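Colleague: Before anything else, here's the structure in question.
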Amino acid sequence: LNTLMGHSMPMSIIRINKTGQIQAEHQIHERPIYSFKILEDIIYTASYDRSVKVVDAISGDVLNTLMGHTWGVYTLVVSEDHNLICTGSGDHTIRFWDKQTFECLNIIEGLFDIRAMIIHENLLYSTDYGSGKVKIYNLHDFELINSFPVLGPCFDMVISYPFIFSACWNKIIEVVDLRTYEKVQVLRGHQSIVNKLLIRNDILYSCSADKTIRKWDISEESIHGDMSIKAMFIYKGHSSKVTDVVMINGKLWSGDENGDILVIYSIMIGLTIDMGGIYRGDIGVFQIRISD
């Protein structure tokens, strides 16, 4: 496997292999890349330069540039089922683009800074920096169909139905039941902003500006149990804010603001963790994504 790693500066995507050797570096934007997704051999990038680029993952060639946002683009998601690219921006809008023609099909206005979005079935869930709500849109007609409050601005969301987990700036992870839109649990323990979330089966991994990754039991029995769930384990080893975490072949890969990627080899045992540095960079890692 290769890992495509997005830096916040100098606005490039670096492809490294699993031993940490750089295979290619593609400078795509003139400003920081805030989000990118990989589907097959295509990379979709969202940048503070207000653009979204469609890039060949092998050659690094830019295949198309989507323009229209008037502020930095903070988040994007791609729906293959609906042939859509959805982008959220600091210009207080969400834009929907045709994945084949790259035409902008619809714009939702009147929001705040859009920081996180996720697609589940036929719905787009989005959260912005000012409303204190997660808003739910139908991807067929782009209409707002529901919303529910959250305790603070969210930087990431993941869904393990029937629950949606929101990573909040106020150090918590809020859990809402999508069948009732009621808050059913709050995960506390991080000492700073929660940046990213990862779910594998009934386990949630959260990474934070407190330099740690925490492991949580999110089985339905646990979520509906004690309202003071504690992390199953805390992974330490980063020297700066942990910005992203992914899983490759049963191992956690995590990136930080110093530009390091660490690999946690033994995630199933609860006491001894074998952690090694796979890549030591000079510029902060913003996102890690996996490509065959």
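Colleague: Rg over Rh of region 86-184, using C-alpha atoms and the Kirkwood radius, what does it come to?
Modeller: Ratio of gyration radius to Kirkwood radius: 0.96.
Colleague: So what is the relative contact order for region 194-249, in percent, with contacts set as C-alpha pairs under 8 Å and at least six apart?
Modeller: Once divided by the residue count of region 194-249, the mean separation gives 39 percent.
Colleague: Could I ask something else about it? Given a 1.4 Å probe and heavy atoms of the protein chains only, how would you sort Phe165, Phe233, largest accessible area at the top?
Modeller: Correct descending sequence by accessible area is Phe233, Phe165.
Colleague: Under unit Cβ charges (Lys, Arg +1; Asp, Glu -1), what dipole magnitude, rounded to 20 debye, does region 78-175 have relative to its Cα centre?
Modeller: 360 debye
Colleague: Here's a follow-up. Starting from the 7 Å offset along Cα-to-Cβ, what nm value, one decimal, do you get for the label separation of Asn122 and Leu151?
Modeller: Label-label distance for Asn122 and Leu151, simple model: 3.4 nm.
Colleague: Let me ask another. Enumerate the lysines that Lys230 could reach by cross-link, defined here as Cα to Cα under 30 Å, with residues fewer than 8 away along the same chain left out.
Modeller: Lys133, Lys135, Lys171, Lys183, Lys196, Lys211, Lys215, Lys241, Lys251
Colleague: For Lys99, which aspartates and glutamates qualify as cross-link partners when the Cα separation must be under 15 Å and same-chain residues fewer than eight apart are set aside?
Modeller: Glu40, Asp41, Asp56, Glu80, Asp81
The values are calculated or read from the model by the stated rules, or taken from the named source; none is laboratory data. All values reported here derive from a predicted model rather than from experimental measurement. Here Cβ is always computed from backbone atoms with ideal geometry, including for glycine, and neighbour counts include all displayed protein chains. These area figures cover heavy atoms from the full protein model, side chains too; ligands, DNA and RNA do not enter into them. Shrake-Rupley method; radii C 1.70, N 1.55, O 1.52, S 1.80 Å.
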